Amino acid sequence: MRFVNAVTILLLSFVLTAPLLGDEWPQWRGAHRDGSVAESQIPQTWPDVLKKKWQITVGEGHASPVLSNGILFQFARQGDNETAMAIKPEDGEIIWKQSYSAPYKMNSAARDHGEGPKSTPFVDDKSFYTLGITGVLTSYDITSGKQNWRISSAEMFGETSPLYGTAMSPLVADGLCIAHLGGHDDGGLLAVDISSGKVRWKWLGDGPGYASPMLMNFAGQPQVVTFSQDNIIGVDIQTGALLWEMPFKTPYTQNAVTPLTIDDDVILSGLGQGIFRLRVTQENGKWKTTKLWMNKEIGSYMSTPVLHNGLIAAMSDKRKGLYVMLDPGSGNVLWQSKGREGENAALLHSGSYLMSLKTDGTFQVALQKDSQYEFLRAYQVSDSPTWAHPVIFDKKLFVKNKTDLILYDLK
């Protein structure tokens with residue numbers, strides 16, 4: 001393990017108190033956890049070629065980088081260790097890094113994904129929260145890298161991770177770090193006090209899925225909405241009490257699409273489940289779920305949809321990868337691409353632009369015109385798979401591929 005020296009700590013402390021320009025990128029899918037990017041963060045005109053500023057090897061894994069107070073944070077596997085690190089975004093210099101032993105053997109059905117962590121961390125103004133592939137949840141001090149606390153699935157459950165490795169990205173809200181630990185048929189959704197590291201509540205009704213929890217509000221009740229192994233659930237964020245649940249089973253047990261908030265409803269999708277809009281209401285003290293519509297012909301496997309200018313943009317797993325635009329009121333398809341677009345895509349949106357990073361290393365920019373998209377640019381940003389979600393900040397693009405972190409200038 002390596003710590004920064006006293007001078008570096010002083011310099012970093014100054015940086016961490018400096019004001020920020022625009023939105024930070026502190027968590028899974030950005031500042032608002034929904035794939036939205038402030039228009040001030042993207043170029044007015046997209047260049048013909050992207051300029052690579054730097055590329056460093058950080059280790060294996062699908063965890064996206066996160067950005068807070070002008071510092072970049074990354075979590076990856078280096079050898080047999082899972083490693084948290086702070087990085088200077090201007091030149092890729094490592095400020096600090098901390099590692100712990102994390103032996104793991106990937107399920108043969110997912111061997112191409114590697115043994116690196118799949119959960120995108122969360123960073124706030126004091127701490128960096130990581131969730132490893134074997135369900136190790138850790139809080140680090142962002143200035144020094146010193147461990148604040150650690151909780152392990154192995155301490156609580158017989159199974160340390162679901163069938164294909166822990167993949168949900170933790171949520172930090174109301175002073176709690178919320179993560180689903182454990183494994184197949186044996187796990188629990190936990191809320192951990194971010195200051196003390198003590199578990200405040202547990203919901204033990206099901207093992208974890210692979211999608212990430214979202215904070216939503218239905219009927220005036222703040223709740224954590226997430227996929228478990230075989231259900232979609234809503235629990236009280238303060239107590240962990242189960243408010244409602246609905247069975248949701250996918251082939252090969254792969255609930256992997258993060259729920260999407262739309263008005264007072266939620267958009268849900270999964271392999272073999274199509275895509276549908278769910279309304280959650282409370283009547284006479286009892287919670288009720290109602291499907292407003294379902295489109296069985298369009299659904300996502302791992303790619304999470306976004307709400308772009310009032311319309312749903314998604315990448316379906318149909319026809320070997322299909323970009324679609326849906327009417328959120330009816331679920332009808334307004335536009336679709338030709339198909340054979342690829343295995344998966346991480347979606348971002350800003351103003352009139354839809355941006356996507358496909359797993360083949362292609363970063364695409366499309367312009368929304370009424371109820372369709374026009375593809376404007378396609379940049380090859382990596383020569384190895386890009387399963388991690390991209391980060392756009394200050395007109396710069398951060399891409400994590402199989403082992404490296406790369407910075408491109410979008411201007």
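The values are calculated or read from the model by the stated rules, or taken from the named source; none is laboratory data. Because the structure is a prediction, the values reported are computed rather than measured. With ideal geometry, Cβ positions are generated from the backbone for all residues, glycine too; neighbour counts draw on all protein chains shown.
Here are the numbers for the structure shown:
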| item | result |
| --- | --- |
| Members of the stretch 89-127 found to be in contact with a Pro (Cβ under 7 Å, 6 or more places away or on another chain) and more than 20 Å from Asp404 (Cα to Cα), listed by number | Val123, Asp124 |
| Residue check, Pro103 modelled with pLDDT of 95 or more and either surrounded by 15 or more Cβ atoms within 10 Å (Cβ to Cβ) or farther than 19 Å from Phe363 by Cα (or both) | no |
| Any hit, the stretch 374-387, residues being in a strand (DSSP E or B), hydroxyl-bearing (Ser, Thr, Tyr), within 30 Å of Asp409 (Cα to Cα) and in contact (Cβ under 8 Å) with a residue 60 or more places away in the chain | yes |
| Every pair of residues 6+ apart whose Cβ atoms lie under 8 Å, when the first sits in the stretch 232-256 and is over 26 Å from Asp317 (Cβ atoms) and in contact (Cβ under 8 Å) with a residue 40 or more places away in the chain while the second is in a loop (DSSP other than H, G, I, E, B) and charged (D, E, K, R) | Ile237/Asp174; Gln238/Asp174 |
| Members of the stretch 329-346 that are in a strand (DSSP E or B) and surrounded by fewer than 22 Cβ atoms within 10 Å (Cβ to Cβ) | Val333, Leu334, Trp335, Gln336 |
| Strands (runs of 3 or more DSSP E) wholly inside the stretch 88-194 containing at least 2 residues that are touching a residue at least 24 places away in the same chain (Cβ under 8 Å) and more than 18 Å from Pro208 (Cα to Cα) | 94-101, 127-131, 136-141, 147-152 |
| Residue list for the stretch 152-164, filter: crowded, with 21+ Cβ neighbours inside 10 Å and either farther than 18 Å from Phe75 by Cα or at pLDDT 95 or above (or both) | Ser153, Thr160, Pro162 |
| Of residues in the stretch 314-328 being in a loop (DSSP other than H, G, I, E, B) and under 23 Å from Leu278 (Cα atoms), the one modelled with the lowest pLDDT | Asp317 |
